[in-house]
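Only one structure is covered here, and it is reproduced in the block below.
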Amino acid sequence: MLYRFDDIEKSYGPHDVLRGATWQHNPGEHVGLVGRNGAGKTTLFKLLLRSEEPDKGTIVRQSGLSVGHVGQHLDAEPGMSLFDYVETAFADVLTIERKMRAIEHDLADSTKPAAEHQKLLTKYAELQHDFEHADGYTLHSEVERVLMGIGFDKSDWDRPILEFSGGQQNRAMLARVLLTRTDLLLLDEPTNHLDLKGIEFLEEFLQSFAGSYLLISHDRTFLNRTVTKIIELAHGRLIEYKGNYERFLELRNERMEKAQVDYDRQQEYIEKTQDFIRRNLAGQKTKQAKSRRTMLAKLDEFDRPETDETLARFALDAGPRSGAIALTADRLSAGYGEKVVVSDLAITVRRGERYAIMGPNGSGKSTLLKTFAGRLEPLSGSLSFGHNVQVGYYDQTLGDLDPNGQVIDEVWNLDHGQTEEAVRSYLARFSFFGDDVNKKTSALSGGEKGRLALAKIMYRGGNLMLLDEPTNHLDVYTREALEEALEQFTGALIVVSHDRYFIDRVAENILLVEDGAGEIYAGNYTDLVERFKAEEAGLAPKRMKKPGEAATGSKLPKGGAAQPAREATLGRVQKPKPAALTPEARAEQKQRDKRIRKIEEEIAALEGRIASAESERERNDLLLCSQEIYSDGDRSRKIQTQNVELKAMVDLLYGKWEVLSKEKEELAGDRITS
């Protein structure tokens, strides 16, 4: 046991955050903590770090438990470089190294007596052993690996850390915590301030991490890849689920369904028993009625099952049907002033198509989307909208909210013809209840502001939605609600997001922005990653841009406009883009994709069993070649019989493999043609 929460209660004024929370974290466990914004996840961290104490209950800790976490303030000395700051994770090892350097200096003094010289050598040998045992010789390379992994260039390493931005300093603190040797890591939204490459590095780091950690994250792909257990904080209690985030969703749904069935059955039993008591208490069956009343009084009633945490209920109306073309950009360059972040972009977005703009931090994703939205003028080139296109724009900075206004006014000002009751009812779909609607916008949390901004854009509607990091500040349940709404949306959609799970659910094309250029790929984030892997493995040819070719891959004739953009799919013949899918077709496609993934898992398992059986047959063949086995009739016959059985099993497995492979091909064919 690392630590254990025993019946913890914690309140802030009238708000009960923890109500009988009980759970135990064991050594070696990689655990994700999920829950609604405001549920008390950060409070649990504060209790573990002893910065706050529970109102009731106890926290039992392993003796001498050491905890690593990213603090709120940078504790760096003035003038300390980035590299030196991160290196302090190895403070004990650096102390040993300094002592070794001091002894090396003393050993260079030839005037010292031989006896003292020998003492120094003995001490140096001890320190050298400790230094090597603590991996001191790989210390600097480990610091370099982590700094590069989370996005710091070598040119940054010697810069004073106090010169960096708040986000960069947060990354530096994360790097130091990752390298610190502790019993337990507490990581609160560790993917904040990291781009996709940094997140993927962190995933690989944590996957190979031998210690224990508890992390809070709204990044569901990150949770899927880094944890083997999910703890849900709901209604003040902790509920444990074994597996990653996907498995948590399955188990949670099963638990809630069972709880509802059990509750309904018990309520039906109670009602029938109460009815029997009422009808017979004064009649001939008085004794039975009294007996049942006593039994009912002793009944341990089930609590009413908690409602689904996905309280937000979004709906996005595309409004009037637009023309076939929603947006066209021709030789478009976007940026601020003289700073160009994306140049010569050619893209045509058709009605119902879905794009995600992805790329490293600072590559110009938000700037490009702002240009699409008309908030910034193009630096060059042209941008036009199709017939009857109505644009909706979600600003990740939440600049469209009035900090001096109230929640209810943000929506009511969009339509003064609505009654207060109607506006309140609408806001309730975004989890604003009762007095919440009278709060000042400036007093809202990040998650509340995000929901309010979504409420405004969804009230306005539009058939071309441009969403800049819409999942920022949203908890996992609200993200699920947003994804469900966008899956039903029939208009065109362009999103900027670093949430890979979100992109996989809502995007059908990727516009990758990098090094001032944009490249379009068919498919979602997972498809893009697989394509790049195929490239690196040599399974697909790398696509080379030709002189005069646009960012999307469309050739530009001299002095003329861009031809319609073609797909920049690597290793494939370029084909015209298929029409956008309807919500029903998209749902069917997701079911096919889910079945394909399941088939791939079954095929991999079959291939493993086939390889194992064939290896065993080969070993048996070698045994039959030995004189000892050949001359032993019983053993020889036994091995031959075993080989016959193995062959039959391999044939059966190959049969299953062929059936699954054929089904996969048919499903993949349906996906391509649908």
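The values are calculated or read from the model by the stated rules, or taken from the named source; none is laboratory data. Predicted model, so just to flag it, every value in this text is computed and none were measured. Glycine also receives a Cβ, built like all others from the backbone with ideal geometry; neighbour counts cover every protein chain displayed. Surface areas here come from the heavy atoms of the whole protein model, side chains and all, with no ligands, DNA or RNA. Shrake-Rupley method; radii C 1.70, N 1.55, O 1.52, S 1.80 Å.
Picking from residues in the range 255-274 that are open to solvent by 100 Å² or more (accessible area, probe 1.4 Å) and within 39 Å of the chain's Cα centre (by Cα), the one that is farthest from residue 288 (Cα to Cα) is 257.
Every condition in (1) over 30 Å from residue 198 (Cα atoms); (2) open to solvent by 50 Å² or more (accessible area, probe 1.4 Å); (3) among the charged types (D, E, K, R) is met by residue 330 except one, and the failing one is (2). The number of residues in the range 375-416 that are of a type in the set (D, E, K, R) and either loosely packed, with under 13 Cβ neighbours inside 10 Å or in contact with a Ser or Thr (Cβ under 7 Å, 6 or more places away or on another chain) (or both) comes to 4.
Looking at the range 475-488, can you tell me whether even one residue there is part of a loop (DSSP other than H, G, I, E, B) and either under 18 Å from residue 345 (Cβ atoms) or at pLDDT 90 or above (or both)? If you could, list the steps in order and put the result at the bottom.
To start, the set of residues in the range 475-488 that are part of a loop (DSSP other than H, G, I, E, B) comprises 475.
Adding the requirement that they be either under 18 Å from residue 345 (Cβ atoms) or at pLDDT 90 or above (or both) leaves none.
Looking for residues that are part of a loop (DSSP other than H, G, I, E, B) and either under 18 Å from residue 345 (Cβ atoms) or at pLDDT 90 or above (or both), one finds none in the range 475-488, hence no.
Set side by side, the residues 397, 371, 367 differ, and just one is of a type outside the set (Phe, Trp, Tyr) and either in contact with a Cys (Cβ under 7 Å, 6 or more places away or on another chain) or farther than 30 Å from residue 201 by Cα (or both), which is 371. The set of residues in the range 496-525 that are in a strand (DSSP E or B) and of a type in the set (A, V, I, L, M, F, W, C) comprises 496, 510, 511, 512, 513, 517, 520, 522. Taken over the range 166-189, the residue count meeting the criterion of being over 15 Å from residue 83 (Cβ atoms) and open to solvent by 10 Å² or more (accessible area, probe 1.4 Å) is 10.
Within the range 253-279, residues that are farther than 21 Å from residue 230 by Cβ and in contact (Cβ under 8 Å) with a residue 12 or more places away in the chain have Cβ atoms under 6 Å from residues that are open to solvent by less than 80 Å² (accessible area, probe 1.4 Å) and part of a helix (DSSP H, G or I) in these pairs: 273/296; 277/289, counting only partners at least 6 apart in sequence or on another chain.
When residue 152 is tested against (1) open to solvent by 20 Å² or more (accessible area, probe 1.4 Å); (2) among the aromatic types (Phe, Trp, Tyr); (3) assigned to a loop (DSSP other than H, G, I, E, B), only condition (1) is not met. Taken over the range 444-461, residues that are under 20 Å from residue 403 (Cβ atoms) and open to solvent by less than 20 Å² (accessible area, probe 1.4 Å) amount to 9. Restricting to the range 462-491, name every residue that is at positive phi, out of contact with any helix residue (DSSP H, G or I) (no Cβ under 6 Å at 6 or more places or on another chain) and open to solvent by 10 Å² or more (accessible area, probe 1.4 Å). Matches in the range 462-491: 469 only.
Is there a residue in the range 366-374 that is open to solvent by 30 Å² or more (accessible area, probe 1.4 Å), over 29 Å from residue 449 (Cα atoms) and either modelled with pLDDT under 95 or of a type in the set (A, V, I, L, M, F, W, C) (or both)? Give the steps one after another, and end with the answer.
So in the range 366-374, the residues open to solvent by 30 Å² or more (accessible area, probe 1.4 Å) come out as 366, 370, 374.
Adding the requirement that they be over 29 Å from residue 449 (Cα atoms) leaves none.
No: zero hits.
Within the range 402-423, the residues that satisfy the criterion of being in a loop (DSSP other than H, G, I, E, B) and out of contact with any Phe, Trp or Tyr (no Cβ under 9 Å at 6 or more places or on another chain) are 402, 403, 404, 405, 413, 416, 417, 419.
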